[in-house]
Amino acid sequence: MKKAILTLLAAFCANAQAFTLDFLAFNGTNLTSPSTLNVPVVGYGTLIFSTLPGQVIAINNTHGAVAANLDSGETLTVTFVGDPLVGGTFSFIGLNIGGNDDVSTTEISSNTYALNLATGDGVGLQSISWSAIPEPSTTMLGALGMLAVALRRRRA
């Protein structure tokens with residue numbers, strides 16, 4: 001019984017919203033404004049990829065792996081439509097980022113980020129990774145509930 005309760009508690013406290021999304025399934029896609037690429041992420045919500053007017057971001061194998069390829073002056077915007085990105089870490093994982101590439105990540109709002117290649121000969125965004133940290137009060141409430149169940153079973 002203790003083992004089952006500990007397993008449930010661990011599952012409750014586990015990070016269910018963490019994910020890594022690569023672009024392999026979108027090989028051959030061109031992202032052109034105002035069109036967006038909407039990607040459902042199981043257990044989280046949707047990621048919406050967009051670019052600025054007049055720009056085309058190709059998703060292909062230019063840099064040695066399937067990636068969203070940015071040329072100099074291009075911007076890729078990512079909007080997280082699921083739970084707010086509070087208390088977690090978010091990262092772009094790229095390819096071929098060299099010394100001449102000026103790549104920056106800008107937070108536009110709490111759920112929207114922009115990846116911009118100001119100068120350089122091109123980079124590939126291979127994947128995006130998000131690791132959410134559970135809210136402490138929610139985790140504590142779940143732990144107290146599990147403890148109450150365990151103590152009640154023991155007395156019965």
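The values are calculated or read from the model by the stated rules, or taken from the named source; none is laboratory data. Since the model is a prediction, treat every value here as computed from it, not as a measurement. Cβ: placed from backbone, ideal geometry, glycine included. Neighbour counts: every protein chain shown.
So the values come out like this:
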read-out: Matching residues, the range 38-75, being part of a strand (DSSP E or B) and either under 14 Å from the mean Cα position of the chain (by Cα) or of a type in the set (Phe, Trp, Tyr) (or both); value: 38, 39, 40, 41, 45, 46, 47, 48, 49
read-out: Any hit, the range 91-102, residues being hydroxyl-bearing (Ser, Thr, Tyr), at pLDDT 85 or above and out of contact with any Cys (no Cβ under 6 Å at 6 or more places or on another chain); value: no
read-out: Any hit, the range 1-23, residues being modelled with pLDDT of 90 or more and either in contact with a Phe, Trp or Tyr (Cβ under 6 Å, 6 or more places away or on another chain) or under 19 Å from residue 110 (Cβ atoms) (or both); value: no
read-out: Boolean, residue 73 is on the phi > 0 side of the Ramachandran plot and at pLDDT below 80; value: no
read-out: Residue check for residue 143: in contact with a strand residue (DSSP E or B) (Cβ under 9 Å, 6 or more places away or on another chain) and modelled with pLDDT under 70; value: no
read-out: Search result, residues across the range 34-59 that are at pLDDT below 90 and either touching a Gly at 6+ places or on another chain (Cβ under 8 Å) or crowded, with 18+ Cβ neighbours inside 10 Å (or both); value: 41, 44, 45, 46, 47
